[in-house]
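Chemist: I have a structure here, written as structure tokens, and I will follow up with some questions on it.
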Amino acid sequence: MCGIVGAVAERPVNKILVEGLKRLEYRGYDSAGVALLDGNTLKTVKAVGKVVNLESALEQSGVSGHTGIAHTRWATHGSVTEANAHPHVSSGQLALVHNGIIENHVSLRAALKGDGYEFLSDTDTEVMVHLIHQLRQQHKTLLASVQAAVKQFEGAFGTVVFDKDNSNEIIVARSGSPLVIGLGLGENFIASDQLALLPVTRSFIFLEEGDVARITRDTVEIFDADGNAVEREVVESNITQDASGKGDYRHYMLKEIYEQPLAVRNTLEGRLNNDRVAIDAFGDSAQQIFKDVKHVQIIACGTSYHSGMVARYWLEQFAGVSCNVEIASEFRYRQSFVHEKSLLVTISQSGETADTLAALRLAKQQGYMASMTICNVPGSSLVRESDLAFMTKAGAEIGVASTKAFTTQLVGLLMLTASIAQEKGLDQSAIVNAIKVLPAKLEETLQLADSIAELAEEFADKQHSLFLGRGSQYPIAMEGALKLKEISYIHAEAYAAGELKHGPLALIDADMPIIVVAPNNELLEKLKSNVEEVRARGGIIYVFADKDSHFESDNTMRVINVNHTDDIIAPIVYTLPLQLLSYYVAVIKGTDVDQPRNLAKSVTVE
Ligand code: G6P
């Protein structure tokens, strides 16, 4: 979480830093700050709230510089105040920004205070800048001081620091929080995400765990955790800049909802050969692993966890392998059982979620046959640290509430299911045939937007809601509930419809809308009985149903008909109306759709 941008250039970097922060704002947006070397003076400007507040404060201040660092914050230690916003400064000499958490900050703070350092914030980060400043007295260079300091930090960090007496140098260090160097001509940059730097460069170096680097206008020197000079590959980014803009859409989330047919097409492109999945989409050694695998252990967080839950239904039904799905923050802190020939699969939009990454690292020591990630960000930590990777091609997702990343994850998981089935000699043609028509089905489904927008009016004054589904639609109900709570702040719960009478039925009254996902499948009649149980108790029901499911709208039931779709891809298709419902409810309620309160896109702290 939080976003970092830094630059050393011959030209003033104010605008580059602010534009970079705006592009990173989805990662954290409660306060922001910048430190610039203005002549020989180190100056900071900070503002509570969004980056636009910082932008105007910076303009008003008249501060400008050719070397600078900037940060947009998602508070962990210390409340949302200017004092707690980064950059933090030590003795007017060093300025530092940080993503992550320094877990031993209490003991470091006590020691530094004992040595006379005065703390101006409640953050864990401030210990970093003071410790580096203290070590600076013993080491010849800032680089050496940072290398010495990082050995004392416990926790996770991506950090950038500069010294006011060296106008042409920034030092960066990565441990647990990603950093990418952007290369320019006579100028170089640093950011926590390449998106921040797309207006100024396409050439990137992704730092690896433990790397410390010295960046000047003309040079980049990188050292690994042992202090050895290392070369890291320069990668040319093919992300289109447009992906970072909203176009004519009112919100990123709406744009991303509408991009789903294309995102799915891109994810499928070149990966289906006639009636088979091209297994090399998962990596070179995938074929043998898929032949041998007997069990799949899925680990993820948030929306990505829901895609894993859908995959369990697919893998067990179509690929004949058992499957467990677990939230990463639970998995990593318990003694779990490793099944024979078990493949570990992480799912993540960002590839940087701290708990998922920690779970992968733990699992790699536990005897899984291989690890695989389904991920949307090339070069991310999960991709680099997994044996196999399936890249979803959703393009940059900016809205905090995940939409196109989720549906493309489901495509990846369906292709995984088909691939394992294929290698085990099972018939997977039904899956492949269903996937082929998916983009067109999604396009049809988006045409429901207007009727869903009307329906949303009825939710605006509601405090609570209940989502119901059965089978592979149960996780879709969970995802629908998560979307609604994330962006509209309406309390939303999801239940497997069969569980209704084991508790939630007690909550039903006319003020509690019940949203039901009801494709026409073998569970439909069971689901209809559940719906009647709700109606008998005065609940108002909103059903997303296949035309052939024969639900009729009346004074206690609103029916939105979804075109008939193959049950295999129905979880993906039914996701879209629920995304649209949350979106329109949030718009009516006037919440901040793309940057909902208290949340962040990429959760790089535990
Ligand atoms: C945050 C985001 C969610 C996302 C979750 C997992 O909570 O707001 O949209 O699903 O993190 O992130 P990942 O990048 O691992 O999919």
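Chemist: For the chain, what is the calculated [θ] at 222 nm in deg cm²/dmol (nearest 500), taking -39500 (n - 2.57) for each run of four or more DSSP H residues and dividing by its residue count?
Modeler: -10000 deg cm²/dmol
Chemist: Between helix 302-314 and the chain, what is the angle of the helix's C-alpha long axis to the longest principal axis, kept within 0 to 90° and rounded to the nearest 10?
Modeler: Once rounded, one gets 40 degrees.
Chemist: Dipole size in debye (nearest 20) for the range 254-390 around its Cα centre, Lys and Arg Cβ +1, Asp and Glu Cβ -1? Kindly include the intermediate steps, with their values, before the conclusion.
Modeler: Details: 13 positive and 15 negative charges, 32 e Å.
Charge dipole of the range 254-390: 160 debye, to the nearest 20.
Chemist: Could you list the GluC sites (Glu not before Pro) in the range 481-582 that lie in coil according to DSSP, counting only those with at most 14 other Cβ atoms within 10 Å of their Cβ? Intermediate results must be reported in sequence, preceding the final value.
Modeler: On the way: sites: Glu486, Glu493, Glu499, Glu522, Glu525, Glu532, Glu533, Glu552; in loops: Glu522, Glu552.
Counting only loop positions with at most 14 other Cβ atoms within 10 Å, the GluC sites (Glu not before Pro) in the range 481-582 are Glu522, Glu552.
Chemist: Heavy atoms of the protein only, probe of 1.4 Å, neighbouring chains included. What is the accessible area of Asp292 in Å², nearest 10?
Modeler: Estimated to the nearest 10 Å², Asp292 gives 60 Å².
Chemist: Antiparallel as a % of all DSSP beta bridges within the range 147-194, to the nearest 5? Can you show the working numbers first?
Modeler: Working: 8 of 9 bridges.
Restricted to the range 147-194, the bridges split so that about 90 percent are antiparallel.
Chemist: Okay, next question. Which value, in debye to the nearest 20, describes the size of the charge dipole of the range 102-191 about its Cα centre when Lys and Arg Cβ atoms bear +1, Asp and Glu Cβ atoms bear -1, and nothing else is charged?
Modeler: 240
Chemist: Which shape class, rounded, prolate or oblate, goes with the range 323-429 when its Cα gyration tensor gives a ≥ b ≥ c as root eigenvalues, a/c under 1.5 marks rounded, and past that a/b bigger than b/c marks prolate? Could you put the intermediate results ahead of the total?
Modeler: Working: a/c = 1.83, a/b = 1.05, b/c = 1.74.
Here the range 323-429 falls in the oblate category.
Chemist: Return the tail of the calculated pair distribution for the range 422-476, meaning the percent of Cα-Cα pairs more than 18 Å apart. List each step's numbers first, then the result.
Modeler: Details: 975 of 1485 pairs.
That tail contains 66 percent of the Cα-Cα pairs.
Chemist: Express the accessible area of the chain per residue in Å², computed with a 1.4 Å probe while the remaining protein chains stay in the model. Can you show the working numbers first?
Modeler: On the way: 22500 Å² over 606 residues.
Here the per-residue accessible area is 37 Å².
Chemist: To continue, here is another question. Tell me which trypsin sites (Lys or Arg not before Pro) from the range 117-173 have a DSSP coil assignment and no more than 15 other beta carbons within 10 Å of their own. Don't skip to the end; give the middle numbers.
Modeler: Details: sites: Arg136, Lys140, Lys151, Lys164; in loops: Lys140, Lys151, Lys164.
Loop-located and lightly packed - Lys140, Lys151.
Chemist: Can you tell me the relative contact order of the chain? Whole percent, Cα pairs under 8 Å, sequence separation 6 or more.
Modeler: Details: 1383 pairs, mean separation 71.9, N = 606.
It rounds to 12 percent for the chain.
Chemist: Ok, one more. So what's the chain giving for Cα Rg divided by 2.2 N^0.38 Å, two decimals?
Modeler: Numbers: Rg = 25.3 Å, N = 606, 2.2 N^0.38 = 25.1 Å.
Expressed relative to 2.2 N^0.38 Å, the Cα Rg reads 1.01.
Chemist: Sticking with this structure for a sec: Rounded if a/c is under 1.5, else prolate if a/b is larger than b/c, else oblate: which is the range 43-174, with a ≥ b ≥ c the root eigenvalues of its Cα gyration tensor?
Modeler: Details: a/c = 1.80, a/b = 1.27, b/c = 1.42.
Judged from the Cα gyration tensor, the range 43-174 comes out oblate (a/c at least 1.5, b/c at or above a/b).
Chemist: Using a simple charge model, +1 on the beta-carbon of Lys and Arg, -1 on the beta-carbon of Asp and Glu, nothing else, what dipole does the chain show about its Cα centre, in debye to the nearest 20? Present the calculation step by step, with values, prior to reporting the outcome.
Modeler: Numbers: 54 positive and 76 negative charges, 74 e Å.
Here the size comes out at about 360 debye.
Chemist: For the range 439-504, what relative contact order do you get, as a whole percent, if you take Cα pairs closer than 8 Å and at least 6 residues apart?
Modeler: On the way: 59 pairs, mean separation 19.8, N = 66.
30 percent.
Chemist: Hey, can you grab everything whose amide H is under 5 Å from the amide H of Thr373? Only 5+ residues off in sequence or another chain; H modelled, so Pro and N-termini drop out.
Modeler: Thr346, Leu388, Ala389, Phe390
Chemist: Can you compute 3J(HN,Hα) from phi for each residue in the range 206-215, using the Karplus curve 6.51 cos²θ - 1.76 cosθ + 1.60 with θ = phi - 60°, rounded to whole Hz and x for Gly and Pro?
Modeler: 8, 5, 9, 3, x, 5, 10, 9, 10, 10
Chemist: What number does the range 444-529 give for Rg over Rh if you use C-alpha atoms and the Kirkwood radius? Don't skip to the end; give the middle numbers.
Modeler: Numbers: Rg = 13.1 Å, Rh = 13.6 Å.
Dividing the radius of gyration by the Kirkwood radius yields 0.96.
Chemist: Choose one of Val160, Val277, Gly247: the residue whose Cα lies farthest towards the positive end of the charge dipole of the chain (beta-carbon charges +1 Lys, Arg; -1 Asp, Glu; about the Cα centre).
Modeler: Val160
Chemist: Further question on the same structure: Projected onto the charge dipole of the range 1-87 (+1 at Lys/Arg Cβ, -1 at Asp/Glu Cβ, origin at the Cα centre), which of Leu36, Gly20, Ile69 gives the Cα projection farthest towards the positive end?
Modeler: Going by the charge dipole, the pick is Gly20.
Chemist: So, one more: Please name whichever of Phe337, Gln317, Gln287 sits farthest to the positive end of the charge dipole of the range 268-346, dipole taken about the Cα centre and charges placed at Cβ: Lys and Arg +1, Asp and Glu -1.
Modeler: Farthest along the dipole direction, towards plus: Phe337.
Chemist: Which whole-number percent gives the relative contact order of the range 374-471, counting Cα pairs below 8 Å spaced six or more residues apart?
Modeler: On the way: 46 pairs, mean separation 16.1, N = 98.
Rounded, it is 16 percent for the range 374-471.
Chemist: Now for a different question. For the range 188-291, which whole percent of the accessible surface, found with a 1.4 angstrom probe, sits on carbon and sulfur atoms?
Modeler: On the way: 2110 of 5080 Å².
After summing per-atom areas, the C and S share lands at 42 percent.
Chemist: Right, next: Could you estimate the translational diffusion coefficient of the range 260-353 from the Stokes-Einstein equation, with Rh from the Kirkwood formula over C-alpha pairs, at 25 °C and 0.890 mPa s, in whole µm²/s?
Modeler: Working: Rh = 14.8 Å.
It comes out at roughly 166 µm²/s.
Chemist: Oh, and also: List the pairs from Lys436/Lys485; Lys255/Lys393; Lys50/Lys589; Lys291/Lys441; Lys50/Lys393 whose alpha-carbon separation is above 22 Å, in the order I gave them.
Modeler: Working: Lys436/Lys485 32 Å; Lys255/Lys393 16 Å; Lys50/Lys589 20 Å; Lys291/Lys441 32 Å; Lys50/Lys393 29 Å.
Over 22 Å Cα-Cα: Lys436/Lys485; Lys291/Lys441; Lys50/Lys393.
Chemist: List every residue whose amide H lies under 5 Å from the amide H of Met557, counting only residues 5 or more places away in sequence or on a different chain, with H placed 1.01 Å from N in the peptide plane.
Modeler: Ile541
The values are calculated or read from the model by the stated rules, or taken from the named source; none is laboratory data. A quick note: this is a predicted structure, and the numbers were derived from the prediction, not measured. Reconstructed Cβ throughout: ideal geometry from the backbone, glycine too, with neighbour counts over all protein chains shown. Accessible surface areas use protein heavy atoms only, side chains included; no ligands, DNA or RNA. Shrake-Rupley method; radii C 1.70, N 1.55, O 1.52, S 1.80 Å.
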